[in-house]
Structure formats: C-alpha cells, structure tokens
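Down below is the structure, laid out as structure tokens.
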Number of protein chains: 2
Amino acid sequence: MISFHTHSVEEQTPEAKNRMQHAFEILKDEMNSDKVGYYKLPTLSLEHTERLKSIDTSSFEQIVIIGIGGSTLGTKAINSLLGLKTQNVKEMIFFENSDPLSISNNLAKINKEKACFFIISKSGGTIETTSIFKTIIHHFKLDLDGADNHRVFAITDHGSPLSRFAKHHKLAEFNIPDNVGGRFSVLSAVGVVPLAIAGYDMNSVLDGAQEFINSFFQEDENHLLQKANLLFEHRQTQSINVLFSYADSLDNFTKWFVQLWGESLGKIDVEGERVGLTPIGLIGSVDQHSFLQLIIEGPKDKTVTFIKIDDFENELTIPDISLYAIEGTNFINNKSFNTLINAQSDATMQSLIASDVSVDSISLDKISAKNMGALIAYFELLTSLVGAMLKVNTYNQPGVELGKQILYKNLENN
Amino acid sequence: MISFHTHSVEEQTPEAKNRMQHAFEILKDEMNSDKVGYYKLPTLSLEHTERLKSIDTSSFEQIVIIGIGGSTLGTKAINSLLGLKTQNVKEMIFFENSDPLSISNNLAKINKEKACFFIISKSGGTIETTSIFKTIIHHFKLDLDGADNHRVFAITDHGSPLSRFAKHHKLAEFNIPDNVGGRFSVLSAVGVVPLAIAGYDMNSVLDGAQEFINSFFQEDENHLLQKANLLFEHRQTQSINVLFSYADSLDNFTKWFVQLWGESLGKIDVEGERVGLTPIGLIGSVDQHSFLQLIIEGPKDKTVTFIKIDDFENELTIPDISLYAIEGTNFINNKSFNTLINAQSDATMQSLIASDVSVDSISLDKISAKNMGALIAYFELLTSLVGAMLKVNTYNQPGVELGKQILYKNLENN
C-alpha cells in the first residue's frame, strides 16, 4: 500500500483543470494507440516470467549485467530496495561504465562457472556495452556456440543487430517492445528477466505497477494530475525537483528517477524553447547533514518530494545506555531506528513547510515487490503527464547525438 | 600533477578584478587571523600521522567509522578514489544513516576482534552518531574500560561532551581544531587518522593540499579567482553547478563536493537575500546516458566542470573481436578503456561547448594521494572565494536547526 500527501494545495483554475484533462487524454491516447508502450508492460511482461519456468537457471549464482543507462538503472533500483528483504537472492554484478578500474575490479569478482551474462542494449550499438561484452568474452574465454551458450542472454529490440547476433549464436533472447524507450523499460524484459533469475518476485512487481496504472486510467489517482500541474505551473520559479528518500536502499531508485525525469523532460519544446526540470536525488537522514541547508535558506527554486517507509520490518532499537557526558541524547533510548528515521523525515518535512517550500510525500507501508511496482508506475506516469503539459517529446533523447558523433570522429581519426 | 582549463574566457572588467582581489584578501585574512582553520590543516595534521607511529594498530583489519555528513564524506571520497590503487588497504565500514536495515546489514559485516571503531562528532550530540554508537556498544558487548579500550577512538572538538566521554574512559582521542567546520574537516584528524590506519599515505595527501594552498596564496592560481568570479557573475542565470567526473571512484568525491558547495553557499546573505548555488554530481560515461540530455537541450541554467584522469595506470584493452552483426563497433577494437573513457569525456565536453554551455575541466595526470590532496584544497578554496563574493558566512549552517528542534520536540513528546 502506498499513500500520497501533498502539502501545497492550491485552488485549481479552469485553465488548470483543462490542462490536466488534456494531459490525461494524451496519455490515454498514447496507450490506446500503442504509440507508447510502457503502459502495457506489466501485463505483457508476464510472458517472460512464464518463459523462464522452462529455462534451467538454478546453476547460476551470479547474474552479470552488461548495459548502461536505461538498461541497468531500473534493475539496480529494484535490486537495492528489495535486496535486503528477499531471502536467498543471487548476487548481481553490473558492468556499466568504461572506467578501466571498475571493469577490472568487477572481472575479478566473477566465477564464470557460476555466472550468467546478460548483454542488454536496444540496438547493440552502445559503445560501452559492446566493448565490455567483448572484454568478457575474451577474459573468460566464453565459448558462445558451445559450453557457455546457456549462460549468455541477450535482451534487445526485435531485429536489432544484437538480435541478429543472438540468433546467429542461438543464444536465449528476450525482446523489448519497439514502443518502449530505455528509461521506461525496467518492467520489460530488461529488468524482469535478470531480476526474476536473481530470485525476485517480479510477478508481484508487475502486479503492483498494473494496479496503479489501472487506477490512474480509471481516474482514481487525481492527485497525480494535480501534482503534475503544480510542477508545470511553477516550472520557471521552482525548476529543481528534489526526491528525498528516507532509506539507503532507495539510493538507486533516486538515480533511476534522475534519468527518467532529466532525460524525458529536458527538451526543446514544440515552439523551439528549451524547457525541462532538474532532478536531484537525496537520501535521508544523511543529506539532512549536507544539502538541506541549501533548500532551507538558499534560493526558493526547489520542490521536495519525500519517500518514507512506514514499517521497515526491523526491530533494531537504540539500547538504554547512558554515556558519560553525552546524557543529552538519552531521550531517544528504547526507541527503534524505524521510529527515529521516520521522526527525522517528519521533522525535516515540517521544517521545509515552515520555510514555505513546496512539499509532498509518498509513504510505503513497507518494502515490498508490489509497492516497488506501484512506485515505478507512479513516477513514469508523472513524467508522461508533465511531458504532455510541457509539449515535448517525452520519449526521445536527440541532445546526446552530437557527443556520439564527435566521439566516433575523434576515435576513428585516432 | 593537476592541470586546469577553462573554455569560457571572458573579458575582466575593473569591477571583476576588484571583486577577485577583495575575495582573495578575505581568504588571506581568514587564514592569518585563524578565523578559519582549514587553510593550515595540511601542516597541523602531520602531528596525527606522527602520533600514530606510537599506537599499535596492526591487529585492526576493519576500520569502522561512526559519523555523518562532514564526519564521513571526505573520508569516503579518499577511500574510494585511492582504494583501488593502494596495496593492502584495510576495509572501511561506514555507519552514517539511521536506516535500520543498513545498520543491521553493516553490523553483520564486522568481526569485533579484528575491528577498531571511530566515533566522530564535533560535539558528540549528533543523534545518528550516538544512537549507532550505543547500538554497537550493546551489540558487540564492548568493554570500554577493559578489553576493548584500545579499539575505540574518539575524534571530536576540544572540551566537547564526546571529549569528556573519551577522557572518562581513557580512550584514544584526536581533536578537531575549533576553527574547522565539519565539511572542511577531511584533512583534520577526522579523515587523516582513520585513513592512515587503513593504510593510505596521508602525508602525501596533506602534502598535495599544502602545495596547492601555498601556490594559491602566492597568487599562482589565478584561474581559481577567475572561476569563482565567473560563477558569481552568472549566479542568477546559471545557478546549477555540475561536477562531471569521469571515473567511478570519484563518485564519493562528487558527494563530498555537493555537501561542501550546497551547505556552504546556500545562505541568507548580509542583506537578507536568499543566495546559493545548487551542486550536482555526475559520473561519466554513465551519466551521458542519463542527465546529459537535460544539460544539452534543457534550460541553460548550468555550468559544467569535468574531472578526468589522464592515466588510470591500467592496460585493459578492448579485444580485437568482431561480433556478428555488430561489426559497426569494431573501430574501437585494440584501444584501451583508458583511451575510450577520456575520448568520451572530451567528446561530451566538445558537444557542451558547441551547445554554448559554460565548461571548464580539471585533469589529474594519475590517481595519487598528492593529487587527491590538491583536488580537495582546490574545491575548498573555490568555495571560500565564492562565499566571500556572495557575502555569506561560508562556514555555518543555521538552516538545519529548525528541523532538529522539531525532531527533539516530536520525539520527547512521543
């Protein structure tokens, strides 16, 4: 169960109501016309967990993921949040960056005989991904057509170069629907297949997402439209959106959000204007001792969304010990850390409200696969709504092409 | 060796020259009058490494740090950057957050007989730190006055409650100068003592910092004044400062920078205005696949500073393998990942310059203790300069007090 609260209620003008209705219709059309595919993933992807029943993955103790950006961020988010709460989960090792030290360090962790390898790329042309894949083939002497055939999986678009590669070597292949972009792909095969093999209950994640998406299209999540509208209306003066999550295990979720928000909304709009909102991910209580000062006293250019977990299902309690000269902190003795972290979240929220910062909050009753799915769907829908209001193409990323062209030119001439 | 390049040269008005000179004089006065202590830490802290020669720390294989914010971020930054390049370094385990799951998870990693424990707090009143310390005392049945006395270290201000606690139990105690704030304290005992015990060459880190600070006060780092002036002049339109580091191991350094920048400059200035610049840390090449789109096409409200490492001292090379249907990426075969990641950094930088974004860059010739020290000093001095130009108190954090008061009231009445 997830609940949502806003602390910045505003009167809705007829214009705002029209804007919300219009954005809602755009999303409905994107879904019904299959222009945008992520809305139907939670149901479509059940085929992947079904198919996995016929593949023997029991010998794999390490799940190695080779991918970058949208091919890994969502998977890492789920692995981090559910990892400490799931029994007997397998180790996941991510190769993302072209940093030679982290690649070398990761290579040393792998026992090939106990590992399976996922190469994940919509096209197969991602330079980091293919370079690292070649390095792994070479380093572990992978016999793609023989002894190691069963341990290599490809996740890619239908008909892509990587798909042709997989078919050539008869590798297990899972496809991403063409109408699903990288940063909206966590609930496609991209996330579902490796996470299911790792031992996560992906059917429940999909179920949680489907329920939230259904509820949204049944017009039962009006708060989401209101939030999108507020973010839109204040886009000039509050152009920075902070996600302040009170759990270390939400760190990778905030990174997934940063990609989703930044890359989807940072665009040149239909009128040729540069638009976009800048996402920032924070972790409480740690960042109360870092970034909070800037939010409280700095320019009022930020909104803050809190995520808290009501019940960590952990009993760890501050012992009833009095330390010489530090007796001043005894009032917290005998309280659980669960109580402490949520009291810190509440206090920070109240101090921001008192400082007149736009604040809303999301409460998970506990850490669960279903809540994870709903949380993903919530932020994806919010992104699509704000994109519709900003009149941008939420689903492309033309701005990164120039850098790629320069890279190819520099390297080819080198 | 570190070198600095800017790609946003501007004519300097007489007003700008006065502003730079004035800020420089403020820093000189802060140092000479001992109002601000961090300038002298690189020399002062040599006493800590000297003192450690007389303490037997050879039995410790795990260095457990209990602290938060300024008490840990700098230590983590150094541990991450130098960790993969330093032989036989000891494991460091950080307890920072009040998250019950990460505390439980960390507790399970510790073998008390091989561990030493640092409690780090300027006052001793930090709620997370004392709560976790009590939990550790209870969990490991630490006998502070007997068998475990030698494995517990306190790092704190002279005369603080934590100092009185340490004296009461005759614990090893190291002090932070009163004129050094938490986020400027990494080169005090806070970072130097645990990192030296872990096996890092802290004398070289201190040496690198001292050299850069000397060079700055000898007026040999004029680029730093120019950069501070640019950031100040464009503070309204380019209020977001991105640090884009091309190495996974710089991730914690960017987090240290985020605290330093956000908490130092996000202030109400002498005229009662809210001022501040918003820091963002990115890691390349990964975040080319995430945040870059927003920088390129979104609002032009950001400056970008690149950090790159010329020589990772790692030979890992992309093998000369041609993959069926993916031959398009063969042009990168036989090149090292070192070449690839730096070519990516250069290409991204060029694409930003072509998009008219303010860009500058910092190149480390290699990962070394000395370069680490210089990099720390560089960002500390830059922060002080911009703070002087913004007319704020760079060294306090009054904005976080309200949240603490609310927390104490909520918990005491609970």
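The values are calculated or read from the model by the stated rules, or taken from the named source; none is laboratory data. Quick caveat: nothing in here was measured; it's all calculated off a predicted structure. Neighbour counts are summed over all protein chains in view; Cβ atoms, including those assigned to glycine, are modelled from backbone coordinates with ideal geometry. Accessible surface areas use protein heavy atoms only, side chains included; no ligands, DNA or RNA. Shrake-Rupley method; radii C 1.70, N 1.55, O 1.52, S 1.80 Å.
Among the residues examined, residue B:191 does not qualify as out of contact with any helix residue (DSSP H, G or I) (no Cβ under 8 Å at 6 or more places or on another chain) and under 21 Å from residue B:84 (Cβ atoms). Within region B:258-277, is even one residue open to solvent by 20 Å² or more (accessible area, probe 1.4 Å), of a type in the set (Gly, Ala, Ser) and more than 10 Å from chain A (Cβ to nearest Cβ)? Scanning region B:258-277, I find at least one residue that is open to solvent by 20 Å² or more (accessible area, probe 1.4 Å), of a type in the set (Gly, Ala, Ser) and more than 10 Å from chain A (Cβ to nearest Cβ), so the answer is yes.
Here's the yes/no breakdown for (1) touching a helix residue (DSSP H, G or I) at 6+ places or on another chain (Cβ under 9 Å); (2) in the same structural domain as residue A:126 (by TED's automatic domain parsing); (3) aliphatic (A, V, I, L, M); (4) open to solvent by 50 Å² or more (accessible area, probe 1.4 Å):
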| position | (1), (2), (3), (4) |
| --- | --- |
| A:23 | yes, no, yes, no |
| A:54 | no, yes, no, yes |
| A:59 | yes, yes, no, yes |
| A:75 | yes, yes, no, no |
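Among the residues here, residue B:402 does not qualify as within 13 Å of chain A (Cβ to nearest Cβ) and either in contact (Cβ under 8 Å) with a residue 60 or more places away in the chain or open to solvent by less than 10 Å² (accessible area, probe 1.4 Å) (or both).
Just one of (1) open to solvent by 20 Å² or more (accessible area, probe 1.4 Å); (2) within 7 Å of chain A (Cβ to nearest Cβ); (3) within 26 Å of residue B:391 (Cβ to Cβ) fails for residue B:288. It is (3).
Under the condition of being of a type in the set (A, V, I, L, M) and open to solvent by 30 Å² or more (accessible area, probe 1.4 Å), which residue from region A:77-89 is farthest from the other protein chains (Cβ to nearest Cβ)? Checking each candidate, the answer is A:89.
Looking only at residues of region A:169-190 that are outside any loop (DSSP other than H, G, I, E, B) and farther than 19 Å from residue A:116 by Cα, we find that the one that is farthest from the other protein chains (Cβ to nearest Cβ) is A:176. Among the residues examined, residue A:393 does not qualify as farther than 22 Å from residue A:39 by Cβ, open to solvent by 60 Å² or more (accessible area, probe 1.4 Å) and either at pLDDT 95 or above or not in a helix (DSSP H, G or I) (or both).
Taking the criterion of being open to solvent by less than 80 Å² (accessible area, probe 1.4 Å) and part of a helix (DSSP H, G or I), the residues of region B:26-41 that qualify are B:26, B:27, B:28, B:29, B:30, B:31, B:38, B:39, B:40, B:41. Within region A:367-381, being among the hydrophobic types (A, V, I, L, M, F, W, C) and either more than 16 Å from residue A:394 (Cα to Cα) or open to solvent by 10 Å² or more (accessible area, probe 1.4 Å) (or both) holds for A:367, A:369, A:372, A:374, A:375, A:376. Helices (runs of 4 or more DSSP H) fully within region A:42-153 that include at least 1 residues being touching a Leu at 6+ places or on another chain (Cβ under 8 Å) and among the basic types (Lys, Arg): A:127-139. Does residue B:375 satisfy the criteria of being among the aliphatic types (A, V, I, L, M) and in contact with a strand residue (DSSP E or B) (Cβ under 9 Å, 6 or more places away or on another chain)? The answer is yes for residue B:375. For residue B:103, the stated conditions hold: it is within 14 Å of chain A (Cβ to nearest Cβ), over 27 Å from residue A:108 (Cα atoms) and buried (at least 17 other Cβ atoms within 10 Å of the Cβ).
For (1) of a type in the set (Ser, Thr, Tyr); (2) outside the structural domain of residue A:77 (by TED's automatic domain parsing); (3) within 22 Å of the chain's Cα centre (by Cα), each residue gets a yes or a no:
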residue: A:257; (1), (2), (3): no, yes, yes
residue: A:274; (1), (2), (3): no, yes, no
residue: A:282; (1), (2), (3): no, yes, yes
residue: A:300; (1), (2), (3): no, yes, no
residue: A:305; (1), (2), (3): yes, yes, yes
residue: A:316; (1), (2), (3): no, yes, no
residue: A:319; (1), (2), (3): no, yes, no
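Check region A:371-388 and report whether any residue there is free of Cβ contacts under 8 Å to residues at least 40 places away in the same chain and part of a helix (DSSP H, G or I). Taking every residue of region A:371-388 in turn, none turns out to be free of Cβ contacts under 8 Å to residues at least 40 places away in the same chain and part of a helix (DSSP H, G or I).
Annotation: of all residues in region B:304-361 being open to solvent by 10 Å² or more (accessible area, probe 1.4 Å) and of a type in the set (Gly, Ala, Ser), the one that is farthest from the other protein chains (Cβ to nearest Cβ) is B:358.
Could you check, for region A:90-100, whether at least one of its residues is surrounded by fewer than 16 Cβ atoms within 10 Å (Cβ to Cβ) and more than 14 Å from chain B (Cβ to nearest Cβ)? No; the residues of region A:90-100 include none that is surrounded by fewer than 16 Cβ atoms within 10 Å (Cβ to Cβ) and more than 14 Å from chain B (Cβ to nearest Cβ). Scanning region A:291-303 for residues that are assigned to a helix (DSSP H, G or I) and more than 7 Å from chain B (Cβ to nearest Cβ) yields a single hit, A:295.
Taking the criterion of being over 30 Å from residue A:60 (Cβ atoms), in a helix (DSSP H, G or I) and open to solvent by 30 Å² or more (accessible area, probe 1.4 Å), the residues of region A:191-227 that qualify are A:211, A:214, A:217, A:222, A:223, A:226. Checking the stated criteria, residue B:281 turns out to be under 21 Å from residue B:4 (Cα atoms) and open to solvent by 10 Å² or more (accessible area, probe 1.4 Å). Remark: pairs (first residue in region B:133-158, open to solvent by 20 Å² or more (accessible area, probe 1.4 Å); second residue part of a strand (DSSP E or B); Cβ separation under 6 Å; 6+ apart in sequence or on different chains) = B:157/B:176; B:158/B:175. Restricting the first member to region A:118-132 and to residues that are more than 9 Å from chain B (Cβ to nearest Cβ) and open to solvent by 10 Å² or more (accessible area, probe 1.4 Å), and the second to residues that are of a type in the set (S, T, N, Q) and part of a strand (DSSP E or B), the beta-carbon pairs closer than 7 Å and six or more apart or on different chains are A:122/A:156. Total residues in region B:154-165 satisfying the condition of being more than 9 Å from chain A (Cβ to nearest Cβ) and not in a loop (DSSP other than H, G, I, E, B): the figure is 4. Within region B:228-252, restricting attention to residues that are closer than 28 Å to residue A:101 by Cβ and part of a helix (DSSP H, G or I), the residue that is nearest to the chain's Cα centre (by Cα) is B:252. Out of curiosity, is residue A:253 open to solvent by less than 10 Å² (accessible area, probe 1.4 Å) and either touching a residue at least 24 places away in the same chain (Cβ under 8 Å) or farther than 17 Å from residue A:23 by Cβ (or both)? Against the criterion (open to solvent by less than 10 Å² (accessible area, probe 1.4 Å) and either touching a residue at least 24 places away in the same chain (Cβ under 8 Å) or farther than 17 Å from residue A:23 by Cβ (or both)), residue A:253 qualifies.
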